[in-house]
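Here's the structure, in structure tokens; my notes come after.
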Amino acid sequence: MGALRPWARYGLLAVAHLLALGLGATVLQALEGPPALRLQANLRAELATFQAEFGACLPPGALEELLGTALVAQAHGVSSLGNDSEARNWDLPSALLFTASLLTTTGYGHMAPLSAGGKAFCVAYAALGLPASLALVAALRHCLAPLLSRPGAWVAARWQLTPPRAALLQAVALGLLVVGVFVLLPALVLWGVQGDCSLLEAIYFCFSSLSTIGLGDLLPGRGSGLHPALYHLGQFALLGYLLLGLLAMLLTVETFSELPQVRAMVKFFGSSGPVNAEDEGAILGQDELALSTMPPSAAAPAQAPAC
């Protein structure tokens, strides 16, 4: 495969991506199609029952119009269900969570601006805030990367591991740590506090948040009748979880992207020309960083005593 031309490699990558998209769509269609049809049938049966009992008291089309209005309002995060109507939609904790989901590109979809001014402000705010957020994350990653590489360098020096194995061990350890601290542990807390979601749904929510998918079908505290103080505390906790969790996720992705195996795969689909000065400088910089984080005993191996 090394003899393939660059355009053939890119074509192979595009075909593989399209095949992955088709496979995902086929699996989801098989898994989600029957439940959606059952839910649609149940909804039609409920509507038919309601119209049979109360249809004489309602003008034709009144129920459909009311449901349409309620669905449009629900799409913007406004609901009239329950006694604690959504006065909490645009209070300070909710607005902070919305801005965090905007700047982290999570976009839960549980709230949306209604006014034209709010939509225009969201466009300008995201256009200015997203680059600033990326710059902040890059600065934090630059500060934390040397600290995170020190345990791996110590283990490599103690176990006499080769640099590729040491890098793989460090990436796996960091990945397991992030999964445990930012996925499994918050999922267990959410599962215990929420009460109306399963453990799988809690893990699904944590992963969709940290991967910035943010499907919005699950949101902690929403619709569970929590006390307003607990609800707002949960929103602040979710705000901190998003910021810290996304930083940890980006550090993990960066660590895995620096693995020799991953770089070899990227190089296969990249240009096959000679290494330029910029790439050589980056490689030397990474070697200097690795050497600076290793203990002194590992930098210079001890010489065997003369006989």
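Details
- Among the protein heavy atoms, those of Y241 account for about 30 Å² of accessible surface (1.4 Å probe, every chain in place).
- Among 27-39, 126-138, 183-195, the peptide with the highest mean count of other Cβ atoms within 10 Å heads the list, and the full ranking is 183-195, 126-138, 27-39.
- Separation in nanometres of the label points that stand 7 Å from Cα toward Cβ, at W7 and A20: 2.5
- Averaged per residue, region 8-54 has 82 square angstrom of accessible surface, using a 1.4 angstrom probe with ligands and nucleic acids left out.
- Taking N as its residue count, the alpha carbon Rg of region 164-211 over 2.2 N^0.38 Å: 1.39
- Translational D in µm²/s for region 111-270 (Stokes-Einstein at 10 °C, 1.306 mPa s, Kirkwood Rh from C-alpha pairs): 86
- Per residue, region 89-268 exposes 57 Å² of accessible surface when a 1.4 Å probe is rolled over the protein heavy atoms with every protein chain present.
- Surface composition of region 125-170: carbon and sulfur atoms hold 73% of the protein heavy-atom accessible area at a 1.4 Å probe.
- Once the mean of 1/r is taken over each pair of separate Cα atoms and inverted, region 8-54 shows a Kirkwood hydrodynamic radius of 13.6 Å.
- Counting only protein chain heavy atoms and rolling a 1.4 Å probe, the accessible areas of C57, C122 rank, largest first, as C57, C122.
The values are calculated or read from the model by the stated rules, or taken from the named source; none is laboratory data. Predicted model, so just to flag it, every value in this text is computed and none were measured. Glycine gets a Cβ as well: all are built from the backbone with ideal geometry, and neighbour counts include every protein chain shown. Heads up: the accessible areas ignore ligands, DNA and RNA and are worked out on the full protein's heavy atoms, side chains in. Shrake-Rupley method; radii C 1.70, N 1.55, O 1.52, S 1.80 Å.
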